[in-house]
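Data block below; observations after.
The values are calculated or read from the model by the stated rules, or taken from the named source; none is laboratory data. None of the values given here were measured: they were computed from a predicted structure. No Cβ is skipped: glycine too gets one built from the backbone with ideal geometry, and neighbour counts run over all protein chains shown. Surface areas here come from the heavy atoms of the whole protein model, side chains and all, with no ligands, DNA or RNA. Shrake-Rupley method; radii C 1.70, N 1.55, O 1.52, S 1.80 Å.
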Amino acid sequence: MSKGITKRSEDYSQWYIDVVLKAELADYSPVKGCMVIRPNGYGIWERIQRNLDQMFKETGHVNAYFPMFIPESFMKKEAEHVEGFAPECAVVTHGGGKKLEEPLFIRPTSETIIWSTYKNWINSYRDLPILINQWANVCRWEMRTRLFLRTTEFLWQEGHTAHATFEDAEEEAFKMIQVYRRFAEEYMAMPVHVGKKTESEKFAGALHTYCIEAMMQDGKALQAGTSHHLGENFAKAFDVKFQDSDKELKYVYATSWGVSTRLVGGMIMTHSDDKGLVTPPRLAPLPVVIVPIYRNEEERSLVVNKAREITQEWDPLFFKIDDRDQYKPGFKFNEWELKGIPVRLEIGPRDVQQNAVVAVRRDTGEKKTLPVDGLLECMKQLLDDIQRNLYETARKRMDDATYTVDSYDEYKQRIEKGGFFRVFLDHRNPEVENILQHDTKSTIRCIPFDAPEEHGPCMITGKPCSYRVIAAQSY
């Protein structure tokens, strides 16, 4: 099986596309900028969705669904919001063969349609909080697209909550970015920086935005999740008030938060290698593949029956026996390696005699002979080891490529090679960010929550700063 994957060292961007296509995660669509998510890719998204959904429900959230069509008048009610999204919007002007009385926006995000509905649901402080999440598709008319990372249509979840006080909304926004951090690190094995976006980088219509930023293998940043404190902006736009316990009418405070199929792209670029996809076990739709090795029908019957005997009480979603006769074992080894299966088990006639199997780790390639007795528990332990190793490897890579720099000249020289840079920048001055982006194609990724108090001059203006920010080039 010819993999046809470009080496990362030769062309990282092409390597990424090769992995997506060759591992059969997604394909290009006849509609420019859109993608077809193939079963291998959608299986990973289902695992993301299932685990995140559980985390949301554990924090008191419930799921609902709102229309994908948003009246133009709704979009115009929150000025900053519509200004931020207008260039990316797709608009329906005709339906049923007739021109619509009012154009309909295909949802770029759902704040407006949801808050027009919340107005009907909220009257009293007793109606609060509302903690709703939605799994949906979104349309943003991107000019430069890349499979999973940036497409015109993509899948995501968007939480939209309503609260009685600023403090309650702030607690929610902070809580949900920590949920995303935990998911990224514990399930995706992807270490992240957690922090606050600058005014220039925050969500359109928000008071402030929190984010998680991950480092890809080429040293570029990927914004992997965001949580927004929207204040009273959308409540005022849609006149959503409630009678508080003190009998006064007050505006409701809001948050929104979301992640998308971009996480699949982040997973690929965090862990995969020149052989193909590497999938963290906790996100793998198929953790274990068993490849029987035989030369004739008698051996085939022996090893396949043994494989079935071993797995008789295993969860059928945990494993697959690849007993296809039309392919040789070497082809199967390459195929499952390319598709990122965490563990491959090989079993031949000699293994049957020894009541053993050969386990091959996808992350390190290490081979080990294991006894059949207690194999399931051994597999679970091995998968945990792989999950841990992937996180530790990615953590070390991020730590090793995180630099502290004080000189703007040094920063400009080093930024092209990638990495996260801890620097002094006057993040409250939009002109500083404009200069940074113009000169280096980099941005302030976040103001880290864990940034210690540290005084120094902005490396562009010289203005005193009291802590460092994280700057990087990004996807």
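Quick look at the values:
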{"read-out": "Carbon plus sulfur fraction of accessible area for the chain, probe 1.4 Å, in percent", "value": "48"}
{"read-out": "Cross-link pairs beyond the 18 Å C-alpha cut-off, checked among Lys32/Lys76; Lys306/Lys339; Lys77/Lys197; Lys22/Lys332; Lys99/Lys119", "value": "Lys32/Lys76; Lys306/Lys339; Lys77/Lys197; Lys99/Lys119"}
{"read-out": "Amide H contacts under 5 Å for Cys465, placed H, 5+ residues apart", "value": "Gly456, Cys458"}
{"read-out": "Å² per residue, accessible surface of the stretch 297-366 at 1.4 Å", "value": "52"}
{"read-out": "Where GluC sites (Glu not before Pro) fall in DSSP loop in the stretch 340-440, at most 15 other Cβ within 10 Å", "value": "Glu366"}
{"read-out": "Calculated on alpha-carbon atoms, Rg and Dmax of the stretch 38-84 in Å", "value": "16.3, 41"}
{"read-out": "For q = 0.09, 0.11, 0.13, 0.17 Å⁻¹, Debye-computed log10 I/I(0) when each Cα of the stretch 147-303 counts as one equal scatterer", "value": "-0.43, -0.57, -0.71, -1.00"}
{"read-out": "Between 0 and 90°, nearest 10: helix 166-186 axis offset from the chain longest Cα axis", "value": "20"}
{"read-out": "For the stretch 262-347, diffusion coefficient by Stokes-Einstein and Kirkwood Rh (Cα), 4 °C, 1.567 mPa s, µm²/s", "value": "93"}
{"read-out": "Centroid-to-centroid separation of the stretch 309-373 and the stretch 276-306 [C-alpha atoms, Å]", "value": "4"}
{"read-out": "44 Å tail of the calculated P(r), the chain, as % of Cα pairs", "value": "22"}
{"read-out": "Long-range HN-HN contacts of Cys446 with modeled amide H, under 5 Å", "value": "Ile470"}
{"read-out": "Rg/Rh (Cα only; Kirkwood hydrodynamic radius) as it applies to the stretch 355-475", "value": "1.26"}
{"read-out": "Cα-based convex hull, the stretch 107-237, per residue volume (Å³, whole number)", "value": "129"}
{"read-out": "Estimated FRET transfer efficiency when R0 is 51 angstrom, pair Glu101-Leu317 (beta carbons, to 0.05)", "value": "0.55"}
{"read-out": "Chymotrypsin sites (Phe, Trp or Tyr not before Pro) within the stretch 111-180, DSSP loop, no more than 16 other Cβ atoms inside 10 Å", "value": "Trp141"}
{"read-out": "Residue-wise HN-Hα coupling along the stretch 58-69, computed from phi with Karplus coefficients 6.51, -1.76, 1.60 (Hz; x: Gly, Pro)", "value": "5, 9, x, 8, 10, 9, 8, 9, 10, x, 7, 9"}
{"read-out": "Under the Karplus curve 6.51 cos²θ - 1.76 cosθ + 1.60, θ = phi - 60°, whole-Hz ³J(HN,Hα) for the stretch 418-434, x wherever Gly or Pro sits", "value": "x, x, 9, 10, 8, 9, 8, 9, 6, 5, 7, 9, x, 5, 4, 5, 4"}
{"read-out": "Cα convex hull of the stretch 372-440 - mean projected area over all directions, nm²", "value": "7.0"}
{"read-out": "Inter-part distance where the stretch 74-117 and the stretch 241-255 are each reduced to a Cα centre, Å", "value": "27"}
{"read-out": "Kirkwood Rh (inverse of mean 1/r, distinct Cα pairs), the stretch 137-201, angstrom", "value": "14.6"}
{"read-out": "Relative pair counts by distance (%), Cα atoms of the stretch 1-98, 5 Å bins", "value": "2, 9, 10, 11, 13, 16, 16, 11, 7, 3, 1, 0"}
{"read-out": "3J(HN,Hα) from dihedral phi, the stretch 387-395, Karplus parametrisation 6.51/-1.76/1.60, rounded to Hz, x for glycine, proline", "value": "4, 5, 5, 4, 5, 5, 5, 5, 5"}
{"read-out": "Acute angle (nearest 10 degrees) that the helix 329-338 long axis makes with the longest principal axis of the chain, alpha-carbon atoms", "value": "10"}
{"read-out": "Percent of alpha-carbon pairs separated by more than 17 Å within the stretch 61-123", "value": "44"}
{"read-out": "Span from the the stretch 49-71 Cα centroid across to the the stretch 449-475 one, whole angstrom", "value": "36"}
